[in-house]
Amino acid sequence: MGFEATLLALCIPIAIGCLLPASNGRRLLLVAVILMFTGRYVSWRLERFPFDSFFTSAAGWWMAAVLVVEMLAIVEYLQFLITITWLTDRRGEADRAEANLRLRYQEHGADAVPSIDVLIPTYNEGPEVVTKTILAALQLDYPRFQVYVLDDGARDWLKQFCEQMGAIHLTRSECKGAKAGNINHALTIIKGDLNLLLDADFIPFKNCLWRLAGFFDDPSIATVQTPQNFYNPDAIQHNLNISGSWGCEQAFFFQIIMPGRDAIGAAFCCGSCCMHRNEALRAVGGFPTTSITEDILLTVAFVKRGWKTVYLREDTTMGLAAETMESFFVQRKRWGRGNIQVGYLIAQDKELSLRNKILFFPFYWMIQHGSRVFFQLIPLVFFLFGVGPIPATEGQEILDYQLPFILAVSGSMFLLMRPFYLPLFTEAMSLFSAFALLPELLQSLARPYSKGFSVTPKGNAASDTKHALFQQTILPSCCLLVMNIIVLLRIVLDISEASTTAGWKLALYGILWCAINITLLVICILMSLERPQPRQEHRLMVHRPATMVNPNSSRIQGILEDLSMSGARLRPLAGLTNDWNLSEGLSLQLEEGTELPLQRTWRNHAGDLVMNFKTLDLQSQAKLIRYAFSGEFHSAEQPERIQLRRTFNQLMRSFLG
């Protein structure tokens, strides 16, 4: 029976993947496969556990701890499965809503469309970050909107910039409630029907308001959330040099989990790149200030009053991902602590239905990271101390039940999460995060309100990192790696008591388990090797006509391959004539007429013209932002599509040094 179960666990996901096209129907079948093998495994674990005698020895208590952690991990996994079973795609709905909105505007004028307040909360972000967002927001294509900069840093330079450019600069006397309090203060001032909420580093595309405002013709909708799309590699992509083939760490959440949550009515506000109905916000008293993840708690408040949050899987902004490990985990620790605060509040909320408590409860933050680290300890305890994770059982029986469970889950998840799942690497990323986050999460479980809101460093504030080791992950990774190597050698050399008594099949299983753990830990170590970020400004792929002009008005036509706020790369369509001097008085003219003066120009190895811009005045900056961040161009530092084979090859090169 065990061999047949293993064969089925291996073959069923492969058959489903080969015979059925990607669809929600296929997703349902894969989830059914996972549930079937999970149920089989859980039944076996509970049936074989000695509930009447486990408390009589230390080994019994250890086995009980393993069982509890396993069951908790499965509960968290089941909630996760619910949220990825069926995915929505509201882009067609957005097209129809936008068409209706534009038609009303054409027939009846600006008063026929909702007025929108663009809110940009900011605290300590530098001008290299926040000014781009403000300039882009001021140039949005929409007839009725006003830009508000909510400055909790009360900076004079930002006030002057806003006055010069036409944005409204708001401050408050007491900065209580962090970001939530900042937005709530603005709610007492703004007059629009809707608001677009942008973090200071997220640049809106020019059609952003048209794409979102039409949804609010449905009076039950309180929030429309969109993906957080990044134009620079995050710390993990950068450290592993995989940004050309593997998406940022949040891509899976915004492309799979959020559409899945939307399908079951459990999408939530993510704090940026979202539009809210001001009437609904005021009806619930604004953003809650009882958690530092005020966005999720706001959605819960809406749900209790019958308001809906929907998710549009379409990029309407482009922002900065956390660029260093320090900033990456400042952000994640804030999310973790805030979600645990939300969990405590949800558990005590008598107005929230049981269904919504299950859907919004933060099982992920409370269970997954601890269980990841705990599971690393199981083979070490077994093969070093001879204390098994389950009652004395034949090795063959473990293979008959645990191996089919692992194969069914892994094979099905590869298809459910595609293209965001790469076996071992995805698990290594989770383990890596667990090492850094677990101390913070454990403290949050005990004292959820012991720390306040921490702003994620972006731009120059996060750009001074040199080659370094990230201590929070390198130390546990190295310690566990050494212990796994010792255990592996003991099994191979047959000097461990556990390997001789458990039988050769169990020893072989232990070797495989240790080898997998060693692989995960090596990847964690590679992610801990911090590499400096070479760019202050990040590039966009353009592939559009452009012209380089010299002081004699001679022109060289070319294709603008990439573009940033500080420079560009042009592929000439013809060779340069003798009257061209690449050192003086040159400018780059974009296809829509904007002319940008050049500081320095040179040829690269491919013959392309690489150029740096002179310091641009505000008018030129605004024109460049309007062109570059129009929504037509893709980041040059993020993959247009994820390439699993290329990612695997790069990881192998890093793995082998």
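The values are calculated or read from the model by the stated rules, or taken from the named source; none is laboratory data. What you are looking at is a predicted structure, and each value in this text was computed from that prediction instead of being measured. Note that each Cβ is placed from the backbone with ideal geometry, even for glycine, and that neighbours are counted across all protein chains shown. Side chains included, ligands, DNA and RNA excluded: accessible areas come from the protein's heavy atoms. Shrake-Rupley method; radii C 1.70, N 1.55, O 1.52, S 1.80 Å.
Using Cα pairs closer than 8 Å and at least 6 residues apart in sequence, work out the relative contact order for the chain, in percent.
On the way: 1117 pairs, mean separation 111.6, N = 657.
RCO, the chain: 17 percent.
At a 1.4 Å probe, what is the % contribution of carbon and sulfur to the accessible area of segment 320-404?
Within segment 320-404, the accessible surface is 60 percent carbon and sulfur.
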Separation between the Asp217 and Asn552 pseudo-spin-labels, each 7 Å from Cα along Cα→Cβ, expressed in nm? 5.9 nm
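What does the charge dipole of the chain about its Cα centre add up to, to the nearest 20 debye, if the Cβ of each Lys and Arg holds +1 and the Cβ of each Asp and Glu holds -1? It would help to have the intermediate numbers written out before the result.
Working: 58 positive and 59 negative charges, 55 e Å.
So the dipole magnitude of the chain works out to roughly 260 debye.
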Residue by residue through segment 566-575, what is 3J(HN,Hα) from phi via Karplus (6.51 cos²θ - 1.76 cosθ + 1.60, θ = phi - 60°)? Round to whole Hz and write x for glycine and proline. 10, x, 7, 9, 10, 9, x, 8, 8, x
Rg/Rh for segment 161-246: what does it come to with C-alpha atoms and Rh from Kirkwood? 1.05
Determine the principal axes of the Cα atoms in segment 292-382, then give the extent along each, sorted from largest to smallest and rounded to whole angstroms. 51, 37, 23
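In what sequence, largest accessible area first, do His538, His169 appear using a 1.4 Å probe? Intermediate values should be presented prior to the final figure.
Numbers: His538 10, His169 40 Å².
Ranked list, largest accessible area first: His169, His538.
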Return the long-range amide H neighbours of Ile221 (sequence gap of 5 or more, or a different chain), with a cut-off of under 5 Å between placed amide H atoms. Lys308
Convex hull around the C-alpha positions of segment 594-657: the volume in Å³ per residue is 162 Å³
Which order do you get for Cys479, Cys514 if you rank them by accessible area with a 1.4 Å probe, largest at the top? Cys479, Cys514
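As an exercise, find the ratio Rg/Rh for segment 7-77 from alpha-carbon atoms, using the Kirkwood inverse-distance average for Rh. Could you put the intermediate results ahead of the total?
Working: Rg = 16.9 Å, Rh = 14.5 Å.
So for segment 7-77, dividing Rg by the Kirkwood Rh gives 1.17.
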Report, to the nearest whole %, how much of the accessible area of segment 145-200 belongs to carbon and sulfur atoms, 1.4 Å probe, protein only. 47 percent
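Relative contact order, percent, of segment 36-170 when contacts are C-alpha pairs under 8 Å separated by at least 6 residues?
16 percent
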Could you list the square roots of 5 times each eigenvalue of the Cα gyration tensor of segment 169-320, that is, the equivalent ellipsoid semi-axes, sorted largest first and rounded to whole Å? 26, 19, 15
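Taking the Cβ of Gln237 as the centre, find all other residues whose Cβ is under 9 Å away and add up their charges (Lys, Arg: +1; Asp, Glu: -1). All intermediate terms of the calculation are to be shown ahead of the outcome.
On the way: positive: none; negative: Asp234, Glu249, Glu637.
Neighbourhood net charge equals -3.
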Compute the semi-axes of the equivalent ellipsoid of segment 550-646, taking the square root of 5 times each eigenvalue of the Cα gyration tensor, and list them largest first in whole Å. 25, 19, 11
Can you list residues whose amide H is under 5 Å from Val147's amide H, if they're 5+ apart or on another chain and H is modeled 1.01 Å from N? Val118, Ile168
In the neighborhood of Ala515, defined by Cβ-to-Cβ distances under 15 Å, what is the net charge if each Lys or Arg adds +1 and each Asp or Glu adds -1? 0
Could you tell me how many degrees, from 0 to 90 and to the nearest 10, lie between the Cα long axis of helix 58-82 and the main elongation axis, the longest principal axis, of the Cα atoms of the chain? 40 degrees
Tell me the relative contact order for segment 185-337 as a rounded percent, counting alpha carbon contacts under 8 Å between residues six or more apart. 40 percent
Go through Gln533, Gly343, Ala136 and say which Cα lies farthest out towards the positive end of the charge dipole of the chain; charges sit on Cβ, +1 for Lys and Arg, -1 for Asp and Glu. Gly343
Alpha-carbon radius of gyration plus Dmax, which is the widest Cα pair, for segment 77-191 in Å: 18.5, 53
May I ask for the net charge around Gly92, where only other residues with Cβ less than 12 Å from the Cβ of Gly92 are counted and Lys, Arg are +1 while Asp, Glu are -1? -1
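Over all directions, average the projected area of the Cα convex hull of segment 407-455 and note it in nm². Walk me through the intermediate numbers first.
Details: hull surface 21.0 nm².
Averaging across all directions leaves 5.2 nm² for the Cα convex hull.
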Between Phe385 and Tyr364, what is the spin-label point distance in nm, taking each point 7 Å from the Cα along the Cα→C-beta axis? 3.3 nm
In square angstrom, rounded to the nearest 10, how much accessible surface does Arg313 have for a 1.4 Å probe? 50 Å²
Probe of 1.4 angstrom, ligands and nucleic acids ignored: what's the accessible area per residue over the chain, in square angstrom? 43 Å²
Which Rg and Dmax, in Å, describe the Cα atoms of the chain? 27.4, 93
By a straight-distance test (C-alpha under 26 Å), which lysines pair with Lys623 as possible cross-link partners, with residues fewer than eight away in the same chain excluded? Lys132, Lys159, Lys206, Lys458, Lys614
Rounding to the nearest 10 and keeping the result within 0 to 90°, find how far the Cα-based axis of helix 471-492 lies from the longest principal axis of the chain. 30 degrees
Amide H neighbours of Ser635 under 5 Å, counting only residues 5+ apart in sequence or on other chains, H built in-plane at 1.01 Å? Met541
Treat segment 115-172 as a sphere of radius equal to its Kirkwood radius over Cα pairs and apply Stokes-Einstein at 37 °C in a medium of 0.692 mPa s; give the translational diffusion coefficient in µm²/s, rounded to a whole number. 288 µm²/s
Working from Cα positions, state the angle (0 to 90°, nearest 10) between the long axis of helix 369-385 and the longest principal axis of the chain. 30 degrees
For the chain, calculated [θ]222 nm from helices alone, where every DSSP H run of n ≥ 4 adds -39500 (n - 2.57): -16000 deg cm²/dmol
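When the chain is fully extended, how far beyond the present Cα-Cα distance does Asn24 get from Leu489, taking 0.36 nm per residue of separation? All intermediate terms of the calculation are to be shown ahead of the outcome.
Numbers: separation 465, 0.36 × 465 = 167.40 nm, distance 4.57 nm.
Roughly 162.8 nm would be gained on extension.
With a 1.4 Å probe and all protein chains in place, put Ser553, Ser430, Ser635 in order of accessible area, largest first.
Working: Ser553 85, Ser430 25, Ser635 5 Å².
Of Ser553, Ser430, Ser635, the descending order of accessible area is Ser553, Ser430, Ser635.
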